[in-house]
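S.K.: My structure is below; once you've seen it, I'll send some questions.
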Amino acid sequence: MPITGKTKLLGVIGDPVEHSLSPVMHNAAIAHLGLDYVYLPFPIQGENLAQALDGFAAIALVGFNITIPHKRAIIPLLAEVSPVAQAIGAVNTVWRTEKGWEGTNTDAIGFIAPLRECDRDWSKITPIILGNGGAARAVVAGCVELGCSEIRVVGRDRAKLDKFKLSWQNTPFAGAIRVHLWDELPSLVSETQLLVNSTPVGMSPHIDRSPVDENILKQLPTGAIAYDLIYTPSPTRFLQLAKNCGALAIDGSEMLVQQGAAALQLWLQQPVPAKVMRQALLESLQRK
Ligand code: NAP
């Protein structure tokens, strides 16, 4: 569809934002639906965040995604923030209402989308999450949404782990979280059906690294799922090793697609073609 004065605007802000795969996914879905929208990347520095939001309101931008490093910093600038985004402490999707800009977080929805395809009684599963950074927070929220009543988070710094646990206080997620240092991992792995890597270990260019070695992965019970949030490379070393040990492997690409699809659905208020977004993402990753 040609861009005209009637074309509606969507976008993503970040610093940097050039690497973002969101424009490729969203514009493919928009073209497929034949809608008069365009999704653009906007590089915005932290000190210009408030000014950018005013500018977006002035040009009647419909909504936008937020990537690193603004996911937390944007919260005080919003008129309303959904409970899940408040609990995660980060917003990745914003839209305009009469009250002003409102925000939520679709990463947890994205994370659980491929898990919903797996036939499991999640109330009986205690997931283990490796890492306690930003993505781990969406994974925790996703696991609670799935029905897990206990979630183990593994980190390398006791003070950061304690801070992580404390940060969930006063949220519905607080009671579910247990924190552990890495040296406890070997004794926990045999009891989990879901092991999630939310560390960057194994990401390109360090593709020969895995956060967990084969001897530990061998202890995963039959039918366990190994889930890596990383999508480049795919599979990661972690997923290769886990697969060799009999686990079901899930990479981070579907999370990326589904968090985007959930955002686009919010803006357009209609079903969106996740299949088209997935195809566009995979083609773009292959070209990289
Ligand atoms: P982050 O906030 O920087 O957190 C990274 C976590 O990994 C921290 O807890 C960090 O520990 C830990 N870590 C880093 N290096 C480690 C190592 N060598 N050994 C053990 N732990 C280590 O990053 P993030 O935003 O959570 O992102 C994490 C990963 O998820 C990245 O690979 C990112 O690309 C991926 N991700 C994917 C999606 C998706 O849609 N698929 C979405 C978001 C993120 P310390 O705190 O002790 O440093």
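The values are calculated or read from the model by the stated rules, or taken from the named source; none is laboratory data. Here the structure is a predicted model, which means the values were calculated and not measured. Methodologically, a virtual Cβ is constructed for each residue, glycine included, from the backbone with ideal geometry; neighbour enumeration extends over all protein chains shown. The area values use the complete protein model at the heavy-atom level, side chains included, leaving out ligands, DNA and RNA. Shrake-Rupley method; radii C 1.70, N 1.55, O 1.52, S 1.80 Å.
S.K.: Calculate, for K163 and E80, the FRET efficiency according to 1/(1 + (r/R0)^6) with r their C-beta to C-beta distance and R0 41 Å; round to the nearest 0.05. Provide the component values of the computation, followed by the final result.
M.R.: On the way: r = 26 Å, r/R0 = 0.64.
Step by step, r from the Cβ atoms, then E = 0.95.
S.K.: Can you work out the Karplus-derived ³J(HN,Hα) for every residue in segment 61-72? Use 6.51 cos²θ - 1.76 cosθ + 1.60 with θ = phi - 60°, whole Hz, and x for glycine or proline.
M.R.: 4, 6, x, 7, 8, 10, 10, 3, x, 9, 4, 8
S.K.: P(r) for the chain, please, calculated from all Cα pair distances in 5 Å bins and given in %.
M.R.: Per 5 Å bin, starting at 0, the Cα pair percentages come out as 1, 5, 12, 16, 18, 16, 13, 9, 5, 3, 1, 0, 0.
S.K.: While we're looking at this one, here's another question. Explain nothing, just the number: dipole magnitude of the chain about its Cα centre with +1 on each Lys and Arg Cβ and -1 on each Asp and Glu Cβ, in debye rounded to the nearest 20. Intermediate results must be reported in sequence, preceding the final value.
M.R.: Working: 25 positive and 26 negative charges, 6 e Å.
My answer is approximately 20 debye.
S.K.: Quick one: ranking L146, L161, L266 by accessible area, 1.4 Å probe, largest first, what do you get? The partial results should precede the final answer.
M.R.: Numbers: L146 20, L161 0, L266 55 Å².
Heavy-atom accessible area, descending, gives L266, L146, L161.
S.K.: Counting only protein heavy atoms and using a 1.4 Å probe, what share of the accessible area of the chain belongs to carbon plus sulfur, as a whole percent? Don't skip to the answer; put the middle values down first.
M.R.: Numbers: 7230 of 13720 Å².
In the chain, the share of accessible area belonging to carbon and sulfur is 53 percent.
S.K.: Quick check: residue separation of L33 and E18 times 0.36 nm, minus the Cα distance between them. What number comes out in nm? Spell out each step's value before the answer.
M.R.: Details: separation 15, 0.36 × 15 = 5.40 nm, distance 2.50 nm.
Taking 0.36 nm per residue and subtracting the Cα distance, the gain is 2.9 nm.
S.K.: Which longest uninterrupted range of the chain lacks any GluC sites (Glu not before Pro) assigned by DSSP to a loop state (not H, G, I, E or B) and surrounded by at most 14 other Cβ atoms within 10 Å?
M.R.: 192-288
S.K.: So between T232 and T97, what do we pick up on full extension, going 0.36 nm a residue minus the alpha carbon distance?
M.R.: Numbers: separation 135, 0.36 × 135 = 48.60 nm, distance 3.59 nm.
Once the chain is fully extended between T232 and T97, it gains 45.0 nm.
S.K.: Distance cut-off 28 Å, Cα to Cα: go down the list K71/K165; K163/K275; K243/K275 and report the pairs above it.
M.R.: Numbers: K71/K165 20 Å; K163/K275 39 Å; K243/K275 25 Å.
In this structure, K163/K275 lie more than 28 Å apart at Cα.
S.K.: Averaged per residue, what accessible area in Å² does segment 109-251 show with a 1.4 Å probe, protein chains only?
M.R.: It amounts to 47 Å² per residue over segment 109-251.
S.K.: Between R116 and N244, take the C-beta separation as r, use R0 = 22 Å, and let me know the FRET efficiency to the nearest 0.05.
M.R.: Details: r = 26 Å, r/R0 = 1.17.
So, using R0 = 22 Å, E works out to roughly 0.30.
S.K.: Using a Förster distance of 22 angstrom, determine the FRET efficiency expected from the C-beta separation of N215 and E184, and round it to 0.05.
M.R.: On the way: r = 15 Å, r/R0 = 0.70.
Rounded to the nearest 0.05, the efficiency is 0.90.
S.K.: Probe of 1.4 angstrom, ligands and nucleic acids ignored: what's the accessible area per residue over segment 1-97, in square angstrom? Present the calculation step by step, with values, prior to reporting the outcome.
M.R.: Working: 4680 Å² over 97 residues.
Ligands and nucleic acids excluded, the result is 48 Å² per residue.
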